[in-house]
Amino acid sequence: MMHDWFVSGVNEMLLLFVIAVVAAVVDAIAGGGGLITVPSLMIAGLPPVTVLGTNRFQAVIGELTTSFMYLRSGQLTWQQLKLGLLFTVIGSVFGSMMVSMLDKHTLEILLPVLMVAITLYSMTSSKLKATSSSAAKVATVSFMVFAGLILGFYNGFFGPGTGSLWMLSLVIFLGYTIKQATMVTKPLNLMGNVVSLGLFVYIGQVDYRLGLVMGIGQVVGSVLGSQLVLHHGPRFIRPVFICVTLLMTSKLLWEHLPAGWWV
């Protein structure tokens with residue numbers, strides 16, 4: 001019986017490791033790795049809040065790895081990030097503080113609409129196919145301050161789709177290519193997730209055993225995914241990004257459609 005329990009435990013961890021590798025590859029390319037890891041942790045039988053905390057823990061390890069890979073490549077520099085990182089942290093702290101004070105119901109209603117708009121833009125915009133940057137519509141300093149505060153707050157308060165919002169904002173307002181936006185998004189999104197993880201650690205809702213196993217998988221997948229982005233760019237990013245936003249949009253619409261609407 002002890003042997004069966006051990007084999008079952010090893011198989012569970014091996015499966016979560018493989019899932020984390022796949023999720024990290026997807027996340028490094030286009031974000032949305034949580035669409036894969038959150039359901040997997042739920043199936044593993046963790047309580048809902050622990051699922052979120054454990055998922056955030058392993059995701060932070062993956063985003064840290066991806067950010068390091070992009071910085072090491074020389075195609076991303078700290079100079080591009082410093083202001084955005086600072087104001088993302090500030091926004092995330094305030095968002096996390098507001099979680100228990102404000103009603104999330106409006107965001108839950110608006111998010112599916114927002115994701116439909118993002119998906120349609122991703123499928124039709126020529127900007128996501130561009131291989132060279134275009135003229136910025138706003139000053140970089142202003143963008144990093146306001147986007148950092150707003151998207152950082154959103155990430156700390158609610159969270160879903162933050163990476164997609166960062167990517168499209170960078171493309172639309174700063175004229176980045178999708179490859180540039182992908183690389184800049186990772187460390188900015190990482191900072192918001194670190195703040196949120198701190199809250200889950202504080203309330204004791206992280207399964208470190210499963211989180212570390214998946215974290216190792218995240219390191220492997222993040223290295224693979226970041227190499228695909230660095231060497232192949234839009235050829236990989238755009239189709240994966242569209243697939244991820246389609247999946248996220250479908251999931252959100254399914255969750256928010258009235259019960260029995262198909263009858």
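The values are calculated or read from the model by the stated rules, or taken from the named source; none is laboratory data. Here the structure is a predicted model, which means the values were calculated and not measured. Positions of Cβ are backbone-derived with ideal geometry, glycine not excepted, and every protein chain shown enters the neighbour counts.
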Quick check: is even one residue across segment 103-115 part of a helix (DSSP H, G or I), without any contact (Cβ under 8 Å) to a residue 40 or more places away in the chain, of a type in the set (A, V, I, L, M) and surrounded by fewer than 22 Cβ atoms within 10 Å (Cβ to Cβ)?
yes
Which one of the conditions (1) at pLDDT 90 or above; (2) more than 26 Å from VAL93 (Cα to Cα); (3) surrounded by fewer than 19 Cβ atoms within 10 Å (Cβ to Cβ) does ILE150 fail to meet, given that it meets all the rest?
(2)
Pair list, Cβ < 9 Å and 6+ apart or interchain, from segment 238-253 residues that are closer than 11 Å to GLY32 by Cα to residues that are acidic (Asp, Glu) and crowded, with 16+ Cβ neighbours inside 10 Å
VAL244/ASP27
On the basis of being out of contact with any Gly (no Cβ under 7 Å at 6 or more places or on another chain) and buried (at least 18 other Cβ atoms within 10 Å of the Cβ), does VAL194 make the cut?
no
Selected residue [at pLDDT 90 or above, of a type in the set (D, E, K, R) and out of contact with any Leu (no Cβ under 7 Å at 6 or more places or on another chain)] from LYS137, LYS104
LYS137
Which one of the conditions (1) assigned to a helix (DSSP H, G or I); (2) touching a helix residue (DSSP H, G or I) at 6+ places or on another chain (Cβ under 6 Å) does GLY32 fail to meet, given that it meets all the rest?
(1)
Regarding SER169, is this residue over 20 Å from the mean Cα position of the chain (by Cα) and either crowded, with 20+ Cβ neighbours inside 10 Å or among the polar types (S, T, N, Q) (or both)?
no
Of the residues in segment 198-218, those that are surrounded by fewer than 21 Cβ atoms within 10 Å (Cβ to Cβ), touching a helix residue (DSSP H, G or I) at 6+ places or on another chain (Cβ under 6 Å) and part of a helix (DSSP H, G or I) come to LEU199, PHE200, VAL213
Residues of segment 192-233 satisfying the condition of being closer than 14 Å to THR182 by Cβ and in contact with a Lys or Arg (Cβ under 6 Å, 6 or more places away or on another chain):
GLY233
One residue from SER133, SER126, SER122 being surrounded by fewer than 18 Cβ atoms within 10 Å (Cβ to Cβ) and closer than 23 Å to GLN227 by Cα:
SER133
Can you tell me which of THR249, THR182 is under 30 Å from MET13 (Cα atoms), modelled with pLDDT under 90, assigned to a helix (DSSP H, G or I) and β-branched (Val, Ile, Thr)?
THR249
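Condition check ((1) of a type in the set (Lys, Arg); (2) touching a Pro at 6+ places or on another chain (Cβ under 8 Å); (3) surrounded by fewer than 19 Cβ atoms within 10 Å (Cβ to Cβ); (4) at pLDDT 85 or above) across all residues:
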residue	(1), (2), (3), (4)
SER8	no, no, yes, no
VAL25	no, no, no, yes
GLY32	no, no, no, no
LEU41	no, no, no, yes
ARG56	yes, no, no, yes
ILE61	no, no, no, yes
All-but-one check, PHE157 against (1) modelled with pLDDT under 90; (2) more than 13 Å from the chain's Cα centre (by Cα); (3) under 14 Å from THR119 (Cα atoms), failing number (3)
